[in-house]
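One structure is given below, encoded as structure tokens.
The values are calculated or read from the model by the stated rules, or taken from the named source; none is laboratory data. What you see is a predicted model, and the numbers here were worked out from it, not measured in a lab. These accessible areas exclude ligands, DNA and RNA; they are computed on the full protein's heavy atoms, side chains included. Shrake-Rupley method; radii C 1.70, N 1.55, O 1.52, S 1.80 Å.
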Amino acid sequence: MRVSCVLTIMFSCLVLTNCQSSSGVDDVLAQRPSQEMTSSVVRPSRSVTRVAMATVPPSPVPQQEILAWAGPVPESAAILPPAPSPVMAAPTERPVPQPAPADPMVKAAPQARMQIYSRRFRDAKPINFGPASPKKLAVHGVDVSRWQGDVDWANLRMQGANFAYIKATDGGDHIDPMFKTNWRKAKEAGLKRGAYHFFYWCRTAGEQADWFIRNVPREPGALPPAIDVEWNGESSCKRRPSRAQVLEKMQVFMDKLEKHYGQRPIIYTAPDFYRDNLRGELADYPFWLRAVAAHPSKVYPGRRWLFWQYSGSGLSHGVSGRIDLNVFHGSEEEWHNWVTARAG
């Protein structure tokens, strides 16, 4: 019986001891976060918060596990309100669509050539040029100034005007009042056009070049500028410089234009002025020759030419009165090649 009592007392002490020990371990564990963290379980208890602010540094855990403790379990994206878009200033210009990258295997389409219209002009004073008639050449055109008035360029083109030289300036202070209108409308009608300057022998060449450049735009595809040099008995300037002075003035003027427009100017002239000043000169320049009674080969022997003004009395729908008629020295194919070389 005494043994049984002793045994009973000892057994009771052991039970009490184990209970107190278990309670102490639970208290310690409650103050430390479990290391068994997952991405789907979050424990936002106060005890965890207090431990997180303790001075004891937490043990390192993988980055994914740290993010798992950053807050409550996120809601499904299907029920979340859309994130507010950042406020952006309205663009001042419309966005420009970016072209798709070119396929290196696809060649660029060739530029369409201008249509060449056949000559349908009439002449108030027709000349029989014989076998060398300008009618046998393919590409005809006109030159105009204020004296042609309001030109119907679309109608004129249908009559065979494939190109036009338009008077722009003369001297150092005069612009043809119809130049801007003719320049714009000729292009709209599909003609190739160039501008010309009537040279005034009582002004310096530099002044005249600057005046032309000031008034004639530099446009891709325009024909080369032209300088009109002739003796004009109706001009207020009666001065006739020497041959050397003429050539010097012309060279100064043409050099400035070539530098600005990137094309060598064309020289327009008449028989008497050519005889006095230009025979055998300026072989590297293209010439536009007036010859209304005979072929240029007879009027300007040995001179190569690019354009021939063969009539000053042309008649055409689209123009009231008379108009100068011209022709390109070459075939239709040669015209296209010449124009293409100047289309940059």
*Counting only DSSP beta bridges with both residues in region 126-265, tell me the antiparallel percent, nearest 5.*
10
*Put 169, 204 in order of accessible area, largest first, 1.4 Å probe: what do you get?*
204, 169
*Solvent-accessible surface (1.4 angstrom probe) belonging to residue 213, in square angstrom, nearest 10*: 40
_Where 181, 269, 340 fall by accessible area, highest first, once all protein chains stay in place (1.4 Å)_ = 340, 181, 269
_Need the list of lysines near residue 185 for cross-linking: C-alpha distance under 25 angstrom, and skip anything on the same chain fewer than eight residues off._
167
*asked:* Quick check: Cα centre of region 135-157 to Cα centre of region 169-208, how many Å?
replied: 16
*Could you give the alpha-carbon Rg of region 186-262 over 2.2 N^0.38 Å, rounded to two decimals?*
1.20
*On the full set of protein chains, 1.4 Å probe, figure out the accessible area of residue 188 and give it in Å² to the nearest 10.*
130
*Could you state how much accessible area residue 310 has, in square angstrom rounded to the nearest 10, with a 1.4 Å probe and all protein chains kept in place?*
10
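State the percentage of accessible surface on region 163-311 attributable to carbon and sulfur atoms; use a 1.4 Å probe and exclude ligands, DNA and RNA.
47
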*Accessible solvent surface per residue of region 100-253, calculated while the other protein chains remain in place, 1.4 angstrom probe, Å²*: 54
